1. When we measure straight from the Cα of B:LYS141, which lysines land under 22 angstrom away, once same-chain ones fewer than 8 places off are left out?
2. What is the helix-to-structure angle for B:265-296, meaning the angle in degrees between its Cα long axis and the longest Cα principal axis of chain B, kept from 0 to 90 and rounded to the nearest 10?
3. If you roll a 1.4 angstrom probe over the protein chains with everything in place, what fraction of the accessible area of the stretch B:138-297 belongs to carbon and sulfur, to the nearest %?
4. Helix-only estimate, please: 222 nm mean residue ellipticity of chain B, summing -39500 (n - 2.57) across DSSP H runs of length 4 or more and dividing by its residues, to the nearest 500.
5. Dividing the alpha-carbon radius of gyration of the stretch B:53-107 by 2.2 N^0.38 Å (N being the number of residues), what value is obtained?
6. What three numbers, in Å, describe the spread of the alpha carbons of the stretch A:7-83 along their principal axes, ordered from the longest?
7. Taking chain B as the reference, fit the longest principal axis to its C-alpha atoms, fit the long axis of helix B:14-24 to the helix C-alpha atoms, and give the angle between the two in degrees, 0 to 90, nearest 10.
8. Quick one: 3J(HN,Hα) in Hz for the stretch B:222-230, Karplus 6.51/-1.76/1.60 with θ = phi - 60°, rounded, Gly and Pro as x.
Amino acid sequence: MNTPSKRTQISITVNGKTYSRDVEARRTLADFLREDLGLTGTHIGCEHGACGACTVTVDGMLARSCLTLASQMDGCEIRTVEGLSGPNGLHPIQAAFKEHHALQCGYCTPGFLVTAAAMLEETQDPTEGQVRDWLSGNICRCTGYQFIVDAVLSAAETMRSETEERDAS
Amino acid sequence: MKPPVFEFAAPDSLEHCLDLLERYGDEAKPIAGGQSLMPLLNLRMAAPAVVIDIARVPDFHALRIEDRTVRVGPMVRQRVMETNTDLRARVPLLAEAVGLIGHVATRSRGTIVGSMCHADPAAELPVCATLLGAEFAVASKGGTRTIDADSFFLDALMTTLEPEEIVTGVHLPTAMPGVGYAFDEVSRRRGDFALVAVAAAVGLSDDGLVTSADIAIGGASGRPERFPLTETALSGRRIEEAPLREIAREVCDRLEPESDLHASADYRRRISEELMTRVLADAASRARKDLTREHAL
Ligand code: FES
Ligand code: FES
């Protein structure tokens with residue numbers, strides 16, 4: 001892509017499935033996921049990086065999809081909130097959110113779930129302080145955060161005991 | 001909002017990148033991690049004709065940790081400063097500052113060089129570059145040159161980089177033995193830009209007397225300012241006996257911060273004074289630890 005163009009040809013893997021598309025150069029990743037792929041789990045709040053509702057992972061690293069161009073993502077692997085649950089149902093973090101009443105309107109929830117999942121992949125036994133630090137980039141206007149923090153800490157515990165069980169067997 | 005219409009290119013070599021910059025000049029804007037440019041595009045505060053994605057240039061991802069210098073390519077993400085322990089040990093000042101920049105999601109995309117080139121007066125990394133006397137390696141079709149941090153940052157969101165030039169790396173001097181570094185800031189919320197950010201480096205002699213001291217302040221004017229304090233009453237004293245508060249106040253009297261929605265000029269001056277006092281003491285106590293460790297070896 002050495003010559004500038006208003007459209008780009010990209011190939012992106014989202015939640016394990018590869019899509020090849022011709023997109024407008026200015027298409028954000030958030031709009032690409034929602035409008036072009038119909039994956040509306042990724043929400044758009046502020047569209048300038050302030051709220052975290054649009055958080056996804058790009059090659060395993062957290063990213064704000066409103067601050068990323070689809071054109072930059074050629075060859076990348078994306079995971080969205082839709083990619084969290086597996087064949088056995090909800091991801092432990094999703095189950096913990098349900099259990100702990102960590103969502104009300106749900107607008108911010110996809111961003112929190114993706115962020116928390118990325119954190120627990122890196123830090124299996126986070127302190128409350130670490131959880132708050134990782135989640136500090138996500139804004140929730142309903143819950144007051146306490147139940148979200150509780151849910152993430154309890155999901156961490158569940159995931160740790162699952163790993164222990166797996167290791168023991 | 002959505003970004004305005006532009007053309008997009010993703011050159012696969014420095015050569016192609018420089019061709020594009022020469023052809024489009026100030027009509028073009030390079031994008032690295034995009035954490036500064038994307039908000040500007042979405043808010044329609046920037047409208048470049050061409051956006052040049054520099055992520056496909058393989059050399060730009062290089063990070064070279066040498067004895068005296070760390071060479072950071074323009075695609076090295078801020079997050080690396082948090083996860084690479086060798087790098088953290090070499091440039092402890094940046095290691096401390098990086099956790100205060102935005103959030104994990106923005107640091108995972110945002111690059112070290114990108115934040116410096118954006119030159120926000122309240123951003124953490126330009127303050128670090130200024131204190132350490134970092135050097136920017138710059139290239140254009142016409143050749144290469146090196147710009148030191150002091151002449152790189154011009155004013156708010158302005159550097160001395162020409163439109164057809166690109167930074168190919170920033171060179172950070174590594175921590176010196178017997179010198180301690182510290183960084184602190186006051187911001188309205190976690191991850192926000194600082195109201196004021198202050199970095200300090202303090203060197204101690206073997207018997208614990210101050211031999212060198214420097215401070216850099218961001219958020220108090222259009223660009224980070226560096227104040228050498230070696231020639232002040234700090235010199236030749238133990239840090240706990242030095243009149244830190246008075247020295248900080250003298251520096252603050254020379255600052256001309258602006259008032260805005262977030263803080264008045266007076267408040268900015270007061271927090272500058274407090275932060276300076278703190279980071280000087282912290283830097284000195286780290287220098288002392290460094291010396292004790294060396295003697296123990
Ligand atoms: S929509 Fe992306 S951060 Fe708010
Ligand atoms: S649940 Fe409504 S914004 Fe978080």
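The values are calculated or read from the model by the stated rules, or taken from the named source; none is laboratory data. Computed from a prediction, not measured in an experiment: that's the story for all the values here. Reconstructed Cβ throughout: ideal geometry from the backbone, glycine too, with neighbour counts over all protein chains shown. Ligands, DNA and RNA are stripped out before the accessible areas are found, and what is left, the full protein with its side chains, is counted by its heavy atoms. Shrake-Rupley method; radii C 1.70, N 1.55, O 1.52, S 1.80 Å.
1. The reachable lysines, counting only those whose Cα sits under 22 Å from B:LYS141, are B:LYS29.
2. Orientation of helix B:265-296: about 70 degrees from the principal axis.
3. Values: 3830 of 7950 Å².
C and S atoms contribute 48 percent here.
4. On the way: 11 runs with 102 residues, N = 297.
Value at 222 nm, helices only, nearest 500: -10000 deg cm²/dmol.
5. Working it through for the stretch B:53-107, the quotient is 1.15.
6. Principal extents (largest minus smallest coordinate, Cα): 29, 24, 21 Å.
7. 70
8. Those phi angles translate into x, 9, x, 10, 10, 10, x, 10, 4 Hz.
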